Amino acid sequence: MQERREFVRLDTRLEATYTALPSGTPQPLVSKNVSGGGICFVADQQLPPGLRLQISLPLPGRALPVNFLAEVVWCEAYEMIGRTQRRRSIEVGVCIVEIAPQDREAILQHVILTMQPRPPKIGDRH
């Protein structure tokens, strides 16, 4: 089966917060990738599919964070094995359910501008 996505994903590490609805407390997250349709992030706890989250995502160069309502689509625990320790992590994939048009545009602009190759600076050698 071929996977089709409406939005391009950008692999990026952004620190943000999520709040489980209806009455959770803000929890930290670190994104793995971001798109105009959702994000994948690392969390400290399992989140059940279908759970609604309020996400506040600061974007570089933007004064105010992007805020949106998302729904957990999948959640998967895995272990990272390093040279000196093992660490358990949880990846969560969410889709955006509600977002202001200007906030979605800010995410799309961030993805597009970050993915574009930068022209070499004067004095750079290849």
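Using unit Cβ charges (K, R positive; D, E negative) and no other charged atoms, how large, in debye to the nearest 20, is the dipole of the range 10-114 about its Cα centre?
320 debye
When a footprinting reagent is the concern and you count Cβ atoms within 10 Å, what order do THR25, THR19 take, fewest first?
Details: THR25 7, THR19 15.
Neighbour counts put them in this order, fewest first: THR25, THR19.
Starting from the exponent 0.38 and prefactor 2.2 Å, build the expected Rg for the range 10-114 from its residue count and divide its actual Cα Rg by it.
For the range 10-114, the normalised Cα radius of gyration comes out at 1.07.
List PHE41, PHE68, PHE7 from most exposed to least, where exposure is judged by having the fewest other Cβ atoms within 10 Å.
On the way: PHE41 27, PHE68 21, PHE7 15.
The most exposed by this proxy come first: PHE7, PHE68, PHE41.
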Quiz item: Considering only LEU108, ILE55, VAL42, whose Cα is most displaced toward the positive end of the charge dipole of the range 10-114, charges sitting on Cβ of Lys, Arg (+1) and Asp, Glu (-1)?
Solution: VAL42
Self-check item: Burial ordering of GLU105, GLU6, GLU71, fewest other beta-carbon atoms within 10 Å first
Solution: GLU6, GLU105, GLU71
Quiz item: At a Förster distance of 22 Å, what's the computed FRET efficiency of THR25 paired with ILE90, Cβ-Cβ distance as r, to 0.05?
Solution: 0.80
Quiz item: How many nm separate the modelled label positions at THR17 and ASN67, each set 7 Å beyond the Cα in the direction of the Cβ?
Solution: 1.1 nm
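A short reminder: the numbers here are calculations on the coordinates, not readings from a lab. Bear in mind that the values here come from a model prediction, so they are computed numbers and not experimental data. Positions of Cβ are backbone-derived with ideal geometry, glycine not excepted, and every protein chain shown enters the neighbour counts.
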